[in-house]
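J.: Below is one structure. I have some questions about it.
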């Protein structure tokens, strides 16, 4: 009886890695690659840890600084030729995982927070939201302690767009009558 699942041998592991890496917009480390590629119960971290160095040696992947990996042109070409070999269900789940990852990384590049201690002993929380063109919002808040400063920074990171919309709504609500 043939084992269930897409992964049967090291070639299947490498095909899945190429499929994922061709869609990832940003360099990824082994752990993130595993999380994105783990779409089949027969896929293991040990398979990944064995396959990636082989793929670097063969020129399909390239290691960048920080132990992160990107796909090479050779890997991209091989992936295009072989992507149909990845099981449809596995490919769909991997595609969804990669899209979520790309969105999260892109969003995190637009939302910035910084906490610093002031001379007076309280904390400054700098918050900013940008888009591809310019800075949309830049503000600094004071927090009496580091715990509250971190809570402010985390809340802004999670809700930056809603906070920006709320500020714009509050500032412009009476202005609509004047326009």
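J.: From the list (i) 85, 29, 28; (ii) 70, 44, 33; (iii) 118, 49, 22, can you say which value of Cα extents along the principal axes in Å was derived from the structure given?
T.: (ii)
J.: Take the Cα of residue 136, step 7 Å along the line toward its Cβ, and report every residue of the range 72-114 whose backbone nitrogen sits under 15 Å from that point.
T.: Correct set: 104, 106-113.
J.: OK, next. Among 6, 46, which comes first, second and so on when ranked by fewest other beta-carbon atoms within 10 Å?
T.: With the fewest neighbours first, 6, 46 line up as 46, 6.
J.: Starting from the Cα-Cα distance between residue 119 and residue 155, subtract it from 0.36 nm times their residue separation and give me the gain in nm to one decimal.
T.: Roughly 10.5 nm would be gained on extension.
J.: How do 72, 82 line up, fewest other C-beta atoms within 10 Å first?
T.: 82, 72
J.: Take 8, 60 and order them by how many other Cβ atoms sit within 10 Å, fewest up front.
T.: 8, 60
J.: Next question, about the same structure. With the cut-off at 1.5 for a/c, could you classify the range 10-108 from its C-alpha gyration tensor as rounded, prolate or oblate?
T.: rounded
J.: Do you know the relative contact order of the chain, to the nearest whole percent, from alpha carbon pairs under 8 angstrom that are 6+ apart?
T.: 17 percent
J.: Still on this structure: Does anything in the range 25-41 have its amide N under 17 Å from the 7 Å Cα→Cβ label point of residue 63, and if so which residues?
T.: 27-34
J.: Estimate the FRET efficiency between residue 164 and residue 22 by the formula 1/(1 + (r/R0)^6), using the beta-carbon distance for r and 35 Å for R0, to the nearest 0.05.
T.: 0.55
J.: Under a plain spin-label model, where a point goes 7 Å from the Cα along Cα-to-Cβ, how far apart in nm are residue 171 and residue 93?
T.: With each label placed 7 Å out from Cα toward Cβ, I get 4.6 nm.
J.: Provide Rg and Dmax in Å for the range 118-178, with only Cα atoms included in the calculation.
T.: 14.1, 45
J.: Further question: Could you work out the helix-only [θ] at 222 nm for the chain, with each DSSP H run of four or more residues adding -39,500 (n - 2.57) and the total divided by the number of residues, to the nearest 500 deg cm²/dmol?
T.: Counting only the DSSP helices, I get -17500 deg cm²/dmol.
J.: Could you compute the FRET efficiency for residue 54 and residue 103, with r as their C-beta to C-beta distance and R0 at 25 Å, rounded to 0.05?
T.: 0.25
All of the numbers you see were taken from the coordinates with simple rules; none came from a lab. Keep in mind that what you see is a predicted model, and the values were worked out from it rather than measured. Glycine also receives a Cβ, built like all others from the backbone with ideal geometry; neighbour counts cover every protein chain displayed.
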